[in-house]
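Remarks on the structure that follows.
The values are calculated or read from the model by the stated rules, or taken from the named source; none is laboratory data. As the structure is a prediction and not an experimental result, all values here were calculated from the model. Here Cβ is always computed from backbone atoms with ideal geometry, including for glycine, and neighbour counts include all displayed protein chains. Note: areas computed on protein heavy atoms with side chains; ligands, DNA, RNA excluded. Shrake-Rupley method; radii C 1.70, N 1.55, O 1.52, S 1.80 Å.
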Amino acid sequence: MNSSQDTIYAQPADQIADFQFDSRVAGVFGDMIRRSVPGYAQIIATIGDFAHRSVKPGTRVYDLGCSLGAATLSVRRQIEGRDCEIIAVDYSESMVKRCQENLSAYVSDTKVDLIQGDIRDIKIENASMVILNFTLQFLPPEDRILLLQRIFNGLKKGGILVLSEKLRFEDQAIQELLDAQHLDFKRANGYSELEISQKRSALENVMKPDSMQTHETRLTDIGFSHFSTWFQCFNFASMVAIK
Ligand SMILES: C[S@@+](CC[C@H](N)C(=O)[O-])C[C@H]1O[C@@H](n2cnc3c(N)ncnc32)[C@H](O)[C@@H]1O
Ligand SMILES: O=C(O)C(=O)C[C@]1(C(=O)O)C=C[C@@H](O)C=C1
(Lines give C-alpha, C1' and ligand atoms only; values in the text may rest on other atoms or scores of the structure.)
(Ligands and ions follow the chains in the order given, each with its own letter.)
Protein backbone atom coordinates (compact mmCIF):
# COMPACT_ATOMS: atom_id res chain seq x y z
CA MET A 1 0.00 0.00 0.00
CA ASN A 2 1.58 3.27 -1.12
CA SER A 3 1.93 5.98 1.49
CA SER A 4 3.91 9.20 1.73
CA GLN A 5 6.14 9.82 4.72
CA ASP A 6 4.35 11.15 7.79
CA THR A 7 5.70 14.64 8.57
CA ILE A 8 2.39 16.02 9.91
CA TYR A 9 3.81 17.04 13.31
CA ALA A 10 7.36 17.83 12.14
CA GLN A 11 7.00 21.63 12.26
CA PRO A 12 6.25 23.55 15.47
CA ALA A 13 2.59 24.64 15.59
CA ASP A 14 1.18 27.50 17.71
CA GLN A 15 -1.87 25.44 18.55
CA ILE A 16 -2.31 21.71 18.23
CA ALA A 17 -5.74 20.78 16.94
CA ASP A 18 -7.41 17.53 17.98
CA PHE A 19 -6.27 14.55 15.88
CA GLN A 20 -8.62 13.77 12.96
CA PHE A 21 -8.61 11.17 10.20
CA ASP A 22 -8.66 13.89 7.55
CA SER A 23 -7.10 13.97 4.07
CA ARG A 24 -3.62 14.82 5.42
CA VAL A 25 -3.63 11.85 7.77
CA ALA A 26 -5.17 9.53 5.15
CA GLY A 27 -2.35 10.46 2.74
CA VAL A 28 0.37 9.31 5.15
CA PHE A 29 -1.54 6.77 7.24
CA GLY A 30 0.29 3.66 6.04
CA ASP A 31 3.61 5.17 7.10
CA MET A 32 2.18 6.67 10.31
CA ILE A 33 0.67 3.49 11.71
CA ARG A 34 3.68 1.31 10.80
CA ARG A 35 6.04 3.72 12.59
CA SER A 36 3.70 4.28 15.57
CA VAL A 37 2.24 0.89 16.45
CA PRO A 38 4.70 -1.87 17.37
CA GLY A 39 3.70 -5.14 15.71
CA TYR A 40 1.24 -3.58 13.26
CA ALA A 41 2.41 -5.63 10.23
CA GLN A 42 2.27 -8.85 12.22
CA ILE A 43 -1.20 -8.03 13.52
CA ILE A 44 -2.48 -7.37 9.99
CA ALA A 45 -1.01 -10.63 8.66
CA THR A 46 -2.38 -12.62 11.61
CA ILE A 47 -5.89 -11.17 11.16
CA GLY A 48 -5.77 -12.88 7.75
CA ASP A 49 -4.71 -16.15 9.42
CA PHE A 50 -7.58 -15.88 11.93
CA ALA A 51 -9.97 -15.38 9.01
CA HIS A 52 -8.60 -18.41 7.19
CA ARG A 53 -9.34 -20.55 10.26
CA SER A 54 -12.61 -19.04 11.52
CA VAL A 55 -14.60 -17.55 8.63
CA LYS A 56 -17.38 -19.89 7.55
CA PRO A 57 -18.82 -20.15 4.00
CA GLY A 58 -21.74 -17.83 3.30
CA THR A 59 -21.08 -15.53 6.27
CA ARG A 60 -19.89 -11.96 6.66
CA VAL A 61 -16.73 -10.34 7.97
CA TYR A 62 -16.93 -6.79 9.34
CA ASP A 63 -13.85 -4.51 9.35
CA LEU A 64 -14.95 -1.57 11.52
CA GLY A 65 -12.75 1.52 11.11
CA CYS A 66 -11.07 0.02 8.06
CA SER A 67 -8.90 3.08 7.17
CA LEU A 68 -6.93 2.15 4.03
CA GLY A 69 -8.21 -1.45 4.02
CA ALA A 70 -5.13 -3.26 5.33
CA ALA A 71 -7.10 -5.77 7.44
CA THR A 72 -9.77 -6.22 4.75
CA LEU A 73 -7.10 -7.03 2.16
CA SER A 74 -5.39 -9.46 4.51
CA VAL A 75 -8.71 -11.25 5.18
CA ARG A 76 -9.83 -11.21 1.55
CA ARG A 77 -6.69 -13.02 0.43
CA GLN A 78 -7.47 -15.82 2.90
CA ILE A 79 -11.17 -16.47 2.25
CA GLU A 80 -11.41 -16.71 -1.53
CA GLY A 81 -14.05 -19.13 -2.83
CA ARG A 82 -16.12 -19.22 0.38
CA ASP A 83 -19.02 -17.09 -0.88
CA CYS A 84 -18.39 -14.59 1.91
CA GLU A 85 -18.88 -10.84 2.00
CA ILE A 86 -16.65 -8.30 3.77
CA ILE A 87 -18.32 -5.15 5.11
CA ALA A 88 -15.62 -2.48 5.54
CA VAL A 89 -16.69 0.73 7.28
CA ASP A 90 -15.00 4.06 7.97
CA TYR A 91 -16.46 7.51 8.52
CA SER A 92 -13.50 9.36 6.98
CA GLU A 93 -14.21 10.28 3.36
CA SER A 94 -10.49 10.46 2.53
CA MET A 95 -9.79 7.05 4.05
CA VAL A 96 -12.69 5.45 2.18
CA LYS A 97 -11.58 6.96 -1.14
CA ARG A 98 -8.05 5.62 -0.72
CA CYS A 99 -9.35 2.31 0.59
CA GLN A 100 -11.43 1.88 -2.57
CA GLU A 101 -8.31 2.44 -4.70
CA ASN A 102 -6.37 -0.12 -2.65
CA LEU A 103 -9.14 -2.72 -2.94
CA SER A 104 -9.44 -2.17 -6.69
CA ALA A 105 -5.74 -2.84 -7.19
CA TYR A 106 -6.29 -6.59 -6.70
CA VAL A 107 -8.79 -9.01 -8.23
CA SER A 108 -10.89 -11.13 -5.92
CA ASP A 109 -14.07 -13.19 -5.98
CA THR A 110 -14.98 -12.00 -2.46
CA LYS A 111 -17.33 -9.03 -2.48
CA VAL A 112 -16.31 -6.06 -0.33
CA ASP A 113 -19.06 -3.63 0.59
CA LEU A 114 -17.14 -0.46 1.48
CA ILE A 115 -19.33 1.94 3.45
CA GLN A 116 -18.57 5.52 4.44
CA GLY A 117 -20.43 5.78 7.71
CA ASP A 118 -20.34 5.62 11.48
CA ILE A 119 -19.64 2.13 12.85
CA ARG A 120 -22.23 2.83 15.58
CA ASP A 121 -24.95 2.90 12.88
CA ILE A 122 -24.02 -0.27 10.99
CA LYS A 123 -26.28 -3.30 11.25
CA ILE A 124 -24.22 -6.39 12.10
CA GLU A 125 -25.62 -9.76 11.08
CA ASN A 126 -24.55 -13.24 9.96
CA ALA A 127 -20.96 -12.46 11.01
CA SER A 128 -18.31 -15.09 11.59
CA MET A 129 -15.60 -12.47 12.21
CA VAL A 130 -15.58 -8.83 13.33
CA ILE A 131 -12.38 -6.74 13.33
CA LEU A 132 -11.82 -3.63 15.43
CA ASN A 133 -8.15 -2.93 14.66
CA PHE A 134 -7.22 0.18 16.70
CA THR A 135 -10.68 1.72 16.26
CA LEU A 136 -12.60 1.19 19.54
CA GLN A 137 -10.14 3.50 21.35
CA PHE A 138 -11.42 6.42 19.24
CA LEU A 139 -15.08 5.99 20.26
CA PRO A 140 -16.29 8.00 23.27
CA PRO A 141 -15.84 5.58 26.21
CA GLU A 142 -19.58 5.56 26.98
CA ASP A 143 -20.38 4.33 23.43
CA ARG A 144 -18.05 1.31 23.50
CA ILE A 145 -20.23 -1.21 25.34
CA LEU A 146 -23.23 -0.73 23.06
CA LEU A 147 -21.13 -1.31 19.94
CA LEU A 148 -19.58 -4.44 21.48
CA GLN A 149 -23.04 -5.74 22.45
CA ARG A 150 -24.25 -5.20 18.88
CA ILE A 151 -21.17 -7.03 17.58
CA PHE A 152 -21.87 -9.93 19.96
CA ASN A 153 -25.50 -10.11 18.82
CA GLY A 154 -24.50 -10.07 15.13
CA LEU A 155 -21.88 -12.82 15.49
CA LYS A 156 -22.79 -16.44 14.88
CA LYS A 157 -22.02 -18.96 17.63
CA GLY A 158 -18.27 -19.69 17.38
CA GLY A 159 -17.65 -16.40 15.55
CA ILE A 160 -14.70 -14.25 16.60
CA LEU A 161 -13.97 -10.63 17.45
CA VAL A 162 -10.39 -9.45 16.92
CA LEU A 163 -9.86 -6.30 18.98
CA SER A 164 -6.55 -4.42 18.80
CA GLU A 165 -5.97 -1.43 21.07
CA LYS A 166 -3.45 0.81 22.76
CA LEU A 167 -3.56 -0.07 26.47
CA ARG A 168 -3.63 1.93 29.67
CA PHE A 169 -2.24 0.31 32.82
CA GLU A 170 -3.62 0.69 36.35
CA ASP A 171 -0.10 0.07 37.71
CA GLN A 172 1.65 3.45 37.38
CA ALA A 173 5.18 2.01 37.22
CA ILE A 174 4.18 -0.34 34.35
CA GLN A 175 2.33 2.51 32.61
CA GLU A 176 5.48 4.66 32.72
CA LEU A 177 7.86 1.86 31.69
CA LEU A 178 5.86 0.62 28.71
CA ASP A 179 4.99 4.14 27.60
CA ALA A 180 8.73 4.97 27.63
CA GLN A 181 9.45 1.84 25.56
CA HIS A 182 6.79 2.91 23.05
CA LEU A 183 8.35 6.37 22.75
CA ASP A 184 11.73 4.73 22.08
CA PHE A 185 10.07 2.68 19.35
CA LYS A 186 8.82 5.92 17.75
CA ARG A 187 12.28 7.53 18.04
CA ALA A 188 13.89 4.45 16.48
CA ASN A 189 11.44 4.86 13.59
CA GLY A 190 12.65 8.41 12.95
CA TYR A 191 10.10 10.54 14.82
CA SER A 192 11.61 13.62 16.51
CA GLU A 193 10.83 14.74 20.08
CA LEU A 194 8.70 17.54 18.59
CA GLU A 195 6.69 15.15 16.42
CA ILE A 196 6.15 12.81 19.36
CA SER A 197 5.00 15.52 21.76
CA GLN A 198 2.80 17.38 19.27
CA LYS A 199 1.05 14.15 18.23
CA ARG A 200 0.60 13.22 21.86
CA SER A 201 -1.21 16.54 22.49
CA ALA A 202 -3.34 16.03 19.39
CA LEU A 203 -4.43 12.56 20.55
CA GLU A 204 -5.06 13.52 24.18
CA ASN A 205 -8.76 14.41 23.84
CA VAL A 206 -9.70 11.93 21.12
CA MET A 207 -8.03 8.63 21.98
CA LYS A 208 -8.85 7.20 25.43
CA PRO A 209 -7.31 3.74 25.90
CA ASP A 210 -8.88 1.21 28.27
CA SER A 211 -7.00 -1.23 30.48
CA MET A 212 -6.74 -4.93 29.63
CA GLN A 213 -8.93 -5.65 32.67
CA THR A 214 -11.66 -3.37 31.29
CA HIS A 215 -11.54 -5.12 27.90
CA GLU A 216 -11.68 -8.60 29.37
CA THR A 217 -14.42 -7.87 31.91
CA ARG A 218 -16.55 -6.00 29.37
CA LEU A 219 -16.35 -8.76 26.74
CA THR A 220 -17.02 -11.60 29.16
CA ASP A 221 -19.91 -9.64 30.79
CA ILE A 222 -21.43 -9.18 27.32
CA GLY A 223 -21.40 -12.95 26.93
CA PHE A 224 -18.30 -13.93 24.95
CA SER A 225 -17.42 -17.48 25.99
CA HIS A 226 -13.64 -17.22 25.50
CA PHE A 227 -11.15 -14.34 25.65
CA SER A 228 -7.39 -14.09 25.24
CA THR A 229 -4.69 -11.61 24.37
CA TRP A 230 -2.85 -13.17 21.44
CA PHE A 231 -0.32 -10.34 20.86
CA GLN A 232 1.22 -7.64 23.02
CA CYS A 233 4.18 -5.35 22.53
CA PHE A 234 4.61 -2.65 25.17
CA ASN A 235 1.28 -0.77 25.45
CA PHE A 236 -0.27 -2.19 22.29
CA ALA A 237 -2.24 -5.42 22.27
CA SER A 238 -4.52 -7.50 20.13
CA MET A 239 -7.17 -9.65 21.72
CA VAL A 240 -9.49 -12.34 20.44
CA ALA A 241 -12.92 -13.21 21.82
CA ILE A 242 -15.06 -16.16 20.72
CA LYS A 243 -18.87 -16.17 20.98
C1 LIG B 1 -6.35 3.80 13.85
S2 LIG B 1 -7.40 3.78 12.50
C3 LIG B 1 -7.72 2.05 12.19
C4 LIG B 1 -6.64 1.33 11.43
C5 LIG B 1 -7.14 0.21 10.56
N6 LIG B 1 -8.16 -0.59 11.19
C7 LIG B 1 -5.98 -0.66 10.11
O8 LIG B 1 -5.96 -1.83 10.50
O9 LIG B 1 -5.11 -0.17 9.38
C10 LIG B 1 -8.99 4.22 13.12
C11 LIG B 1 -10.00 4.38 11.99
O12 LIG B 1 -11.31 4.36 12.54
C13 LIG B 1 -12.09 5.34 11.92
N14 LIG B 1 -13.15 5.67 12.87
C15 LIG B 1 -13.00 6.15 14.14
N16 LIG B 1 -14.21 6.29 14.72
C17 LIG B 1 -15.13 5.88 13.80
C18 LIG B 1 -16.54 5.78 13.80
N19 LIG B 1 -17.27 6.12 14.88
N20 LIG B 1 -17.16 5.31 12.70
C21 LIG B 1 -16.45 4.97 11.61
N22 LIG B 1 -15.10 5.03 11.54
C23 LIG B 1 -14.45 5.48 12.63
C24 LIG B 1 -11.15 6.47 11.57
O25 LIG B 1 -11.64 7.28 10.51
C26 LIG B 1 -9.87 5.70 11.22
O27 LIG B 1 -9.75 5.49 9.85
O1 LIG C 1 -0.31 6.33 20.61
C2 LIG C 1 0.30 6.80 19.66
O3 LIG C 1 1.24 7.52 19.82
C4 LIG C 1 -0.15 6.46 18.34
O5 LIG C 1 0.34 7.04 17.42
C6 LIG C 1 -1.14 5.42 18.18
C7 LIG C 1 -2.08 5.48 17.01
C8 LIG C 1 -3.11 4.35 17.19
O9 LIG C 1 -2.99 3.55 18.10
O10 LIG C 1 -4.05 4.30 16.38
C11 LIG C 1 -2.80 6.74 16.96
C12 LIG C 1 -3.16 7.35 15.81
C13 LIG C 1 -2.80 6.80 14.50
O14 LIG C 1 -3.96 6.18 14.05
C15 LIG C 1 -1.74 5.81 14.56
C16 LIG C 1 -1.38 5.22 15.74
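Evaluate the Debye formula for segment 91-243 with equal point scatterers sitting on the alpha carbons, no solvent, and hand back log10 of I(q)/I(0) at q = 0.09, 0.13, 0.16, 0.21 Å⁻¹, in q order, two decimals.
Each listed q maps to, in turn, -0.36, -0.74, -1.07, -1.40.
Distance cut-off 29 Å, Cα to Cα: go down the list Lys97/Lys243; Lys156/Lys186; Lys123/Lys166; Lys157/Lys186 and report the pairs above it.
Lys97/Lys243; Lys156/Lys186; Lys157/Lys186
Evaluate the charge dipole of the chain about its Cα centre and quote only its size in Debye, nearest 20, assuming +1 on the Cβ of each Lys and Arg and -1 on the Cβ of each Asp and Glu.
Dipole magnitude for the chain comes out near 760 debye.
Can you tell me the FRET efficiency between Ile115 and Gln213 if r is taken as the Cβ-Cβ distance and R0 is 30 Å, rounded to the nearest 0.05?
The calculated FRET efficiency here is 0.40.
Sort Asp18, Asp221, Asp143, Asp63 by heavy-atom solvent-accessible area, probe 1.4 angstrom, most to least.
These residues rank, largest area first, as Asp221, Asp18, Asp143, Asp63.
Restricted to Cα positions, what overall size does segment 71-113 have along the principal axes? Three whole-Å values, descending.
Its Cα atoms span 30, 18, 14 Å along the three principal axes.
Computed over the Cα atoms, what is the radius of gyration of segment 27-175 divided by 2.2 N^0.38 Å, N being its residue count?
Rg over 2.2 N^0.38 Å, computed on Cα atoms: 1.02.
Gain in length, Ala45 to Ser197, computed as 0.36 nm per residue apart minus the alpha-carbon separation, to one decimal in nm?
Separation in residues times 0.36 nm, less the Cα-Cα distance, equals 51.7 nm.
Compute the distance from the alpha-carbon center of segment 175-231 to that of segment 68-103, in whole Å.
24 Å
What does the accessible area of Arg98 come to, in Å² to the nearest 10, when a probe of 1.4 Å is used?
Taking all protein chains as shown, Arg98 has close to 100 Å².
In segment 177-237, how does Rg compare with the Kirkwood Rh, expressed as the Rg/Rh ratio over alpha carbon atoms?
1.09
Starting from the Cα of Lys208, draw a straight line to each of the aspartates and glutamates and keep only those under 15 Å, dropping any in the same chain fewer than 8 residues away.
Counting by Cα, and skipping residues close in sequence, Lys208 has these aspartates and glutamates nearby: Asp18, Glu142, Asp143, Glu165, Glu170, Asp179.
Counting other C-beta atoms within 10 Å, and keeping those with at most 10, which DSSP coil GluC sites (Glu not before Pro) do you find in segment 129-221?
Glu170
For segment 1-84, what number results from the quotient of the Cα radius of gyration and 2.2 N^0.38 Å?
Here the Cα radius of gyration is 1.36 times the empirical estimate.
Counting other C-beta atoms within 10 Å, and keeping those with at most 14, which DSSP coil GluC sites (Glu not before Pro) do you find in segment 42-99?
Listed in order of number, the matching sites are Glu80.
Counting only DSSP beta bridges with both residues in the chain, what percent are antiparallel, rounded to the nearest 5?
Once the DSSP bridges in the chain are tallied, antiparallel ones form about 40 percent.
Just to make sure I understand: if all protein chains stay in place, what is the order of Thr135, Thr220 by accessible area at 1.4 Å, largest first?
Sorted by accessible area, descending: Thr220, Thr135.
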